[in-house]
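Input: a single structure, listed below in structure tokens.
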Amino acid sequence: MIANNLKNIRQRIANVCQKSGRKAEEITLIAVSKTVTADLIREAVRSDILDLGENYVQDLRAKKEALNDIPIRWHFIGHLQSNKVKYIADWIYLIHAVDSIELASEISKHARRLCRNINILVEVNTSDEKSKFGLSIKDTPDFVRRVADVKNLSVSGLMTMGPFSSDPENSREGFRKLRQIKESLESESYRLPILSMGMTNDFEVAIEEGATMLRIGTAIFGERK
């Protein structure tokens, strides 16, 4: 099932890229493994999934330990509490949702202690929904400028979620705004290669608007139990 799901998703990605004048190789597919068993993750890895995303530190640590024998790039995609940074700082590949100086400083502290550089994305609440984390659109440029100077951190790009909607077109405006923020900051010589946006219900719109990372769970692993 998972192999077929991934084949279907990759074909859809290729189709959208062709229509949009993009290359499928520009897109990183992150399999969101929230609530998914280690055995199912292994099945995804056998179908050439390298990038896995988790929302909770406790689950992420448990799965990393259970799957330490296979190559995986682990992404933390949920809301990260500052006091949990220490548990993932020495091996996390990318932290997707940094939206405060306090969190950025805590990540920097542990990165310096470990003598490593940690890649992060800045989370932007492009739909302006009160239930979501993330910076407002107007506050994002100044935040990126501040965090860019924090030691042992690399601001690699921006991340957002579309609005809670069954219509993928409702995500387009927010995705477009995120790309515009990225382009504006890059005109100031900031290098922000990653746009993490697009999930199961709206990833094709995200690709059309410039996404370079997709976070897909349900379309790969099925409905969560």
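The values are calculated or read from the model by the stated rules, or taken from the named source; none is laboratory data. Please read all numbers here as calculations on a predicted model, not as lab measurements. Positions of Cβ are generated from backbone atoms using ideal geometry, with glycine treated the same way; all protein chains shown enter the neighbour counts.
A compact table of results
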{"quantity": "Any chance residue 158 is more than 30 Å from residue 37 (Cβ to Cβ) and in contact with a Leu (Cβ under 9 Å, 6 or more places away or on another chain)", "calculated": "yes"}
{"quantity": "Any pair with Cβ under 7 angstrom, 6 or more apart, that starts in the stretch 188-207 at a residue that is farther than 25 Å from residue 143 by Cα and ends at one that is aromatic (Phe, Trp, Tyr) and at pLDDT 95 or above", "calculated": "205/175"}
{"quantity": "Tabulated pairs, the stretch 1-26, first among the hydrophobic types (A, V, I, L, M, F, W, C), second loosely packed, with under 11 Cβ neighbours inside 10 Å, C-beta under 7 angstrom, 6+ apart or interchain", "calculated": "17/23"}
{"quantity": "Qualifying residue in the stretch 2-25 (condition: part of a loop (DSSP other than H, G, I, E, B) and within 28 Å of residue 80 (Cα to Cα))", "calculated": "no"}
{"quantity": "Selection within the stretch 87-109 - of a type outside the set (Phe, Trp, Tyr), more than 19 Å from residue 142 (Cα to Cα) and surrounded by fewer than 18 Cβ atoms within 10 Å (Cβ to Cβ)", "calculated": "90, 109"}
{"quantity": "Test: residue in the stretch 11-23 that is under 28 Å from residue 154 (Cα atoms), touching a Lys or Arg at 6+ places or on another chain (Cβ under 9 Å) and either loosely packed, with under 14 Cβ neighbours inside 10 Å or among the small types (Gly, Ala, Ser) (or both)", "calculated": "no"}
{"quantity": "Qualifying residue in the stretch 75-97 (condition: without any contact (Cβ under 8 Å) to a residue 24 or more places away in the chain and in a helix (DSSP H, G or I))", "calculated": "yes"}
{"quantity": "Matching residues, the stretch 167-186, being free of Cβ contacts under 8 Å to residues at least 40 places away in the same chain, closer than 15 Å to residue 155 by Cβ and either basic (Lys, Arg) or buried (at least 16 other Cβ atoms within 10 Å of the Cβ) (or both)", "calculated": "182"}
{"quantity": "Qualifying positions in the stretch 185-204 - part of a helix (DSSP H, G or I) and either within 16 Å of the chain's Cα centre (by Cα) or on the phi > 0 side of the Ramachandran plot (or both)", "calculated": "203, 204"}
{"quantity": "Single residue of 200, 126 found to be in contact with a Pro (Cβ under 9 Å, 6 or more places away or on another chain) and polar (S, T, N, Q)", "calculated": "126"}
{"quantity": "Selection within the stretch 110-149 - closer than 15 Å to residue 197 by Cβ and either surrounded by fewer than 17 Cβ atoms within 10 Å (Cβ to Cβ) or charged (D, E, K, R) (or both)", "calculated": "123, 129, 132, 133"}
{"quantity": "Selection within the stretch 150-166 - modelled with pLDDT of 95 or more, crowded, with 19+ Cβ neighbours inside 10 Å and not aliphatic (A, V, I, L, M)", "calculated": "156, 157, 160"}
{"quantity": "Residue in the stretch 28-38 that is farther than 28 Å from residue 110 by Cα and either among the acidic types (Asp, Glu) or in a loop (DSSP other than H, G, I, E, B) (or both) present", "calculated": "yes"}
{"quantity": "Cβ-Cβ under 6 Å pairs, at least 6 apart or on other chains, the stretch 104-121 side in contact (Cβ under 8 Å) with a residue 40 or more places away in the chain and farther than 19 Å from residue 145 by Cβ, far side surrounded by 18 or more Cβ atoms within 10 Å (Cβ to Cβ) and of a type in the set (Lys, Arg)", "calculated": "none"}
{"quantity": "Count of the stretch 47-86 residues which are surrounded by fewer than 16 Cβ atoms within 10 Å (Cβ to Cβ) and farther than 21 Å from residue 31 by Cα", "calculated": "4"}
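Yes/no per residue for (1) closer than 20 Å to residue 196 by Cα; (2) of a type in the set (A, V, I, L, M):
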site: 56; (1), (2): yes, no
site: 65; (1), (2): no, no
site: 82; (1), (2): no, no
site: 85; (1), (2): no, yes
site: 93; (1), (2): yes, no
